[in-house]
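The values are calculated or read from the model by the stated rules, or taken from the named source; none is laboratory data. Note that the structure is predicted; figures quoted are calculated from it, not measured. Counting neighbours? That spans all protein chains shown, and the Cβs are built from the backbone with ideal geometry, glycine included. We work out accessible area using only protein heavy atoms, side chains counted, and drop any ligands, DNA or RNA first. Shrake-Rupley method; radii C 1.70, N 1.55, O 1.52, S 1.80 Å.
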Amino acid sequence: MFVDVLLDRPLPAPLVYRLDESNAGSHVIGSCVVVPLGREETIGIVIGFNAAPTIDAAKVRSVRRVVASVAPLSQHWLALTRFAADYYQHGWGEVAVPALPPLLRKVPGTRFEASLARARAKSDLQALPPRDKAVQLTTEQREAVGAIGSARGFAAFLLHGVTGSGKTEVYLEAIAERLLESESAQALVLVPEINLTPQFEARLRARFAGLPIVSLHSGLPDAERTAAWLAAHEGRARVVLGTRLAVFASLPRLAMIVVDEEHDASFKAGDGVRYSARDVAVKRAQMADLPVMLGSATPSLESWRQAREGRYTLLTLPARAGAGATRELPSVECVDLRAEAPVQGLAPPVRDALATCVAARDQAIVFINRRGYAPVIACAACGWVSVCRRCTTFAAFHKTDATLRCHHCGWQTRVPVVCPTCGNPALAAVGHGTQRVEEALHELLPAARVERIDRDTTQRRHAARDALAAVHAGTVDVLVGTQMIAKGHDFRRVALVAVLNADSQLVAPDFRAPERLFAVLMQVAGRAGRAGQPSKVLVQTRFPGHPLFAALARLDYRAFAERELADRAAARMPPFVSQALLRAEARSLETALDFLRAAALEGGKVAGASAIALYDAVPMPLAKLAGVHRAQLLVESVSRPALQRWLPIWLQRVREMRFSPRVRWQIEVDPQEI
Ligand SMILES: [Zn+2]
Ligand SMILES: [Zn+2]
């Protein structure tokens, strides 16, 4: 007997192996198998029998063993991974095999057996605890839960509500209703970053106390992640909470999917198979015929469009729902930097507001999306500036350890004492990062307790969590930090939020930059005024008349989204067209560009090319990264099916192209950063 086996290799088709008659029942389909590949052994997945291998039967190697301790993967799971592979233009095995847990991928040995035993030891199914009587849902929350509860078969819901409007209660109750329907039903909850949402996890565990809940994310030790995957695969875990990789978890009794913060860029894989876990989640719900709920205070424009065109059901939670205290929305004001020159990065009205806030014993958040002390140091005498030796970008000045660092490739060096070009000893830090703002805050508010959170302060595991806990406990007066402080934390005493460098994203070349800026500003604004006291958000900008700020001032996502969508429609940009990006990396920029030009030429010859727009090959915004030159070629179509038909044929021709010198290339479907 011969079987087709998926392997984690960029292969156009599965490989054929011989299988003993004793193993050859239909139950073997979906099984994990250990097979020889070259001189090594590797793990693969059997997808079917092969009656007539096209290669010489004598050359077909044998399956070493079937991993009998793991039940076969379902047809649904196989179909899901195949869809993702086709859609994102990768080999099926490159999606399916990496979706297996780590200890199973590494040719299962004794550690795997131990994980298996450990997972099964905690296997007792328990009844769903009754609803906590203290949880009173608002009318809108009840309506949202009801809408999802009455859905039969596939249905997609977009739950739109500002931070603090009570989306989590809706998720929990909707999940509870599904879990009550069947003793074995499973729910999948996807979140952008698990370590930054401890409160969400805590609430999930509190609501479903006693019910087997597992977490699935890349931060777990291999054995733990493997045990969690097995618990899901064997139907013992009733709720699976995970990051994007969990969208491919094997869940035989899946009844519902929730994607929280669905707009978050973390749901898109940044390397390898660049899938969108949100999009795969919706497809999974459709394939398995079950409901999916996407939630956000600032939905992606893709999801918003689906909702306004009726393909998703829009559920809105209008105001803040409070347990106890009435919650007020903050007032949002722009500080015009043209009229109010900043001192040490802080405009006078921001300095005054900080002083007032701290004097009143309230807490303040200062948000600046740039770490380090300053983004660049420069010599006024000769014009020298600090640049990364390996990238086309500046090297940031980190004062705490006197280094220049590249935030893109990690290159670092001691900060020079004098200008490397002219010897001038007076080198100046230009611009502001979190470290410099922290220093300014110490000077401005000598008695205040200032804490900084950015990637440099949070190298240690749980460092971010501990710092945020300090804010909760009230032992911090002013918190300064990057995007890391914006996500999913419920601060109760924050009366002031200051946003220092919004403009850097307002004028960025990527057309999605305003969408991302609006989302992060809404999130930051959501940190203020949670406990009913008046609170405000001050945004420093040189463009106070920008419509984005007008929508922000009213905390009006809808106005922002409608305007932005109209602009995108007029300019024929996503979500009104579908795109793919071919990226090339080479020793020189010209080589990368030449490769893409040759690829574009091939693309024009493929049948159906008239429906595809091929743009010019251009250097990537960061044209050199870690010594590698990079260029990109954007292709798009108003018809997603046309693009999907054209892409695989084109990419096959690109693979067959004779091109030297060597170029590494990769394709991304639905690119989020261009
Ligand atoms: Zn100089
Ligand atoms: Zn660099």
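Of note:
- Given charges at Cβ of Lys, Arg, Asp, Glu: region 578-669 dipole, positive-most of 665, 608, 641: 665
- Taking each residue as 0.36 nm, the span from residue 69 to residue 183 lengthens on full extension beyond its C-alpha to C-alpha distance by 38.6 nm.
- The mean accessible area for residues of region 578-669, using a 1.4 Å probe and ignoring ligands and nucleic acids, is 49 Å² per residue.
- Only Lys, Arg (+1) and Asp, Glu (-1) charged, at Cβ; region 578-669 dipole about Cα centre in debye: 240
- Calculated [θ] (222 nm, deg cm²/dmol) that DSSP helices of n ≥ 4 give over the chain, each run adding -39,500 (n - 2.57): -9500 deg cm²/dmol
- Only beta bridges with both residues in the chain are counted; by DSSP, about 50 percent of them are antiparallel.
- Amide H within-cut-off set for residue 365, under 5 Å, with H built and near neighbours excluded: 479, 496, 497, 498
- Computed FRET value (nearest 0.05) for residue 611 with residue 590, which takes r as the C-beta separation and R₀ as 25 Å: 0.25
- Computed on protein heavy atoms with a 1.4 Å probe, the accessible areas place 403, 356 in the order 356, 403, largest first.
- The stretch between residue 331 and residue 652 holds 110.1 nm of extra length on full extension. This uses 0.36 nm per residue minus the Cα-Cα distance.
- Dipole of region 2-99 computed with +1 at Lys/Arg Cβ and -1 at Asp/Glu Cβ about the Cα centre; of 50, 79, 17, farthest Cα towards the positive end is 17.
- Rounded, prolate or oblate (a/c below 1.5 giving rounded, otherwise prolate when a/b exceeds b/c) for region 251-308 by Cα gyration tensor: oblate
- Only protein atoms count toward the accessible area here, which uses a 1.4 Å probe; on the chain, the carbon and sulfur part of that area reaches 52 percent.
- Taking every protein chain into account, the accessible area of region 139-317 amounts to 31 square angstrom per residue (probe 1.4 Å).
- Value of relative contact order over the chain, rounded to a whole percent, pairs C-alpha under 8 Å and six or more apart: 11
- Principal-axis tilt of helix 277-288 within the chain, Cα atoms, nearest 10 degrees: 40
- Going by accessible surface with a 1.4 Å probe and the largest first, 573, 1 read 1, 573.
- Interchain or long-range residues, amide H under 5 Å from residue 387's placed H: 395
- Estimated distance in nm for a label pair at residue 344 and residue 542, the labels positioned 7 Å out from Cα along Cα-to-Cβ: 2.4
- Distance cut-off 36 Å, percentage of C-alpha pairs in the chain lying past it: 47
- Modelled FRET efficiency - R0 45 Å, residue 56 with residue 154, Cβ distances, 0.05 increments: 0.50
- Degrees between helix 348-359 axis and first principal axis of the chain (Cα, 0 to 90, nearest 10): 90
- Comparing 629, 526, 63 along the charge dipole axis of the chain, the residue lying farthest to the positive side is 63, per the Cβ-charge model.
- Translational diffusion coefficient of region 578-669 (Stokes-Einstein, Kirkwood radius from Cα pairs, 20 °C, 1.002 mPa s): 163 µm²/s.
- Cα gyration tensor, region 139-317 - rounded (a/c under 1.5), prolate or oblate: rounded
- Helix 167-181 axis, angle to the chain major axis (alpha carbon atoms, nearest 10°): 20
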